[in-house]
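Heads up, the thing below is written out as structure tokens.
Please treat every number below as a calculation from the coordinates, not as lab data. It should be emphasised that the depicted structure is a prediction, and the values quoted were computed from it without experimental measurement. No Cβ is skipped: glycine too gets one built from the backbone with ideal geometry, and neighbour counts run over all protein chains shown.
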Amino acid sequence: MILVFDVGNTNIVLGVYEGKNLLKYWRISTDKNKTSDEYGMLINQLFEYNGFKLNEIEAVVISSVVPPLMYSLQAMSIKYCNKEPLIVGPGIKTGMNIRYDDPKQVGADRIVNAIAAYEKYGGPTIIVDFGTATTFCAVSEEGDYLGGAIAPGIKISSEALFQRAAKLPKIELVKPKTVICKNTVNSMQSGIIYGYVGMVDYIVERMKKEMKGEVKNVVCTGGLSTLIASESKTINRVDKLLTLEGLRIIYERNK
């Protein structure tokens, strides 16, 4: 079995693969203060509850955008799985040409998503990841990573509105029935949700024009992907586990 980690600023999504089959996955909070032992015991509990054993793990693969957590996760992998983890970064075989001014600046999660999307859906493809930040990535027909855009995430924007506007309450991110709303909570939900849909569709349309070719797929992933995709005119695929699949593919290319 292979244990894969997608470490984001808000959540860590981890999954267990047997070959190409995803057996189970979990979403836990990202906590920079947790030690390797705390993460080890937490993951051990998840494994035991689902009938898995850490000593059955053949390899550990980690993609992280949170550098302070890397020591704890590396140490956890060595101590509890007895495996030196494969960390997505410079020197790793990706099979993808990164056409960025400085390839080292591209977030590991963006590269992993691009690899998985191209492998599964072909190119040219655009990937939208709704995480702590909302990222847009473009992959050419030949499988080159072309670059993209980064915007504040939906939760960041809603939290900023709540914190900076004294009379506005903290709200649940759900889609109101109408854009014209008759109370403050629904009005905020309308502005945030439908405003994001408009932003996503506009950026995707601009990316399509700049790519100068027929974009076969616009794939979205991340915790709030279904919410936005349900209203988007440009997104035609939702793949919430895209990053985990990319980590499995990278392992296969590096083992």
*Helical mean residue ellipticity (222 nm; -39500 (n - 2.57) per DSSP H run of 4+; nearest 500) of the chain*: -11500 deg cm²/dmol
*For C137, C181, C81, what ranking results if the residue with the fewest other Cβ atoms within 10 Å of its Cβ goes first?*
C181, C81, C137
*Scan the range 59-167 for GluC sites (Glu not before Pro) in coil per DSSP, keeping those whose Cβ has at most 16 other Cβ atoms within 10 Å, and list them by number.*
E141, E142
_Cα gyration tensor category, rounded, prolate or oblate, for the range 93-191 with a/c compared to 1.5_ = prolate
_Give me the percent relative contact order of the range 2-87, please, defined on Cα pairs under 8 angstrom at least 6 residues apart._
32 percent
*What is the distance in Å between the Cα centres of the range 30-94 and the range 232-247?*
24 Å
*Please report, in Å, the Rg and the Dmax of the chain, where both are computed over Cα atoms only.*
19.1, 58
*Obtain the radius of gyration and the Kirkwood radius of the range 120-178 from its C-alpha atoms and give Rg over Rh.*
1.18
*Given H placed on each backbone N at 1.01 Å, which residues far from R237 in sequence or on other chains put an amide H within less than 5 Å of it?*
V218, C220
*Pick from G131, G122, G213: which residue has the top mean-square fluctuation in a GNM of the chain where Cα pairs under 10 Å get a spring?*
G213
*Average Cα contact separation per residue, the range 76-188, under 8 Å, 6 or more apart, as relative contact order %*: 16 percent
*For the chain, what is the relative contact order in percent, using Cα pairs closer than 8 Å and at least 6 residues apart in sequence?*
18 percent
_Mean projected area (nm²) of the alpha-carbon convex hull when the range 156-255 is viewed from all directions_ = 8.8 nm²
*Which of the trypsin sites (Lys or Arg not before Pro) found in the range 92-134 are loop residues per DSSP with 11 or fewer other Cβ atoms within 10 Å of their Cβ?*
K93
